[in-house]
Each structure stands twice: as C-alpha cells, then as structure tokens.
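Asks: Sharing a structure with you now.
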Amino acid sequence: MAEQFSAEWARGILDNGKAKAESLIGDPGQIDALLGQLQDKLKDLPGEAVKQFASVPTMASMVKSYVSKEYTAVSPKVVIALVSAFLYLVKSKDIIPDYIPVIGLADDLAVVAIALAVCKPELEEYSQWRSGAPADDTLV
C-alpha cells in the first residue's frame, strides 16, 4: 500500500485534476464553492490530523487571492496544482475512505505533501506579502 502513495502517485493525482482545475480558476464562484467544501472538510478532521494539514488554509487563501486578482505573483501552474489537490481532497471517493481510523487520510496527506512541495517557495512569498513583511531578496 505504501507504493500507492508515492510522490509519483500523488503527482499523477495532481495531473489528473489539471483540466478541471484550469476550468475552475476562471470562475471565482466555483473556486469559492470548492474552498468552502475544503473548509468544511478541514473542520471535520480528527484532532491528530489537523497538524498534518496545517498549510492547507494558507494554500487556499493564496488560490483565492490569485483568482480574485488581489495577488498574482504566483505561477498559474502552482495555482492549478493546488486547485487539483483541493479537488482530490473534497471529492467523495478517496482511494482509502477518510472514515477509516489512522490510514483513512493517508492518500489525502500524500496529495497535500506533493502540493506543498510544488508551491512552497511561492507560498512563503505569499505569506510574507499577506503579513506585510518585505520579501527577503538577499542571496545566501
């Protein structure tokens, strides 16, 4: 089963949702509906899973800011990957149903981990922008 939740598997999930994600990005109403479903799902997470999905609200905020054209300093490919991940998270049929204790969220977590890996630098820049902190342009 661990082989099913590899990085390659999760990237495949993001790729599978790409066309649907691209169509949703052009419709702020549909994005709002998707983000509402995502918020409902996050509210229902068991306490021990909340930490694992801690970055999802910031990811969702970045998508909303992008779609509303409030924040556009993010690659459309990143936004598409995030929307694709959100589609997987809220759809009704997971590979492992979420209600199964301990392992029920494993597939969702794998998809979130890959989405975070795809967007981490841009998510950090977005977080700085949102907090009003200047971006760190120094080279290390």
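Asks: Mind checking whether some residue in the stretch 41-63 is within 23 Å of SER131 (Cβ to Cβ), hydrophobic (A, V, I, L, M, F, W, C), modelled with pLDDT under 95 and part of a loop (DSSP other than H, G, I, E, B)?
Replies: yes
Asks: Which is touching a Leu at 6+ places or on another chain (Cβ under 9 Å), modelled with pLDDT of 95 or more and buried (at least 20 other Cβ atoms within 10 Å of the Cβ), of VAL83, VAL111?
Replies: Exactly one residue qualifies, and that residue is VAL83.
Asks: Which condition number does ALA73 fail, the rest of (1) farther than 23 Å from SER131 by Cβ; (2) open to solvent by 30 Å² or more (accessible area, probe 1.4 Å); (3) part of a loop (DSSP other than H, G, I, E, B) being met?
Replies: (1)
Asks: Any residue at all in the stretch 3-25 that is more than 18 Å from ALA113 (Cα to Cα) and not in a helix (DSSP H, G or I)?
Replies: Scanning the stretch 3-25, I find no residue that is more than 18 Å from ALA113 (Cα to Cα) and not in a helix (DSSP H, G or I), so the answer is no.
The values are calculated or read from the model by the stated rules, or taken from the named source; none is laboratory data. What you see is a predicted model, and the numbers here were worked out from it, not measured in a lab. Virtual Cβ from ideal backbone geometry, glycine too; neighbours counted across all protein chains shown. When the accessible area is computed, the model is the full protein with side chains, heavy atoms only, and any ligands, DNA or RNA have been set aside. Shrake-Rupley method; radii C 1.70, N 1.55, O 1.52, S 1.80 Å.
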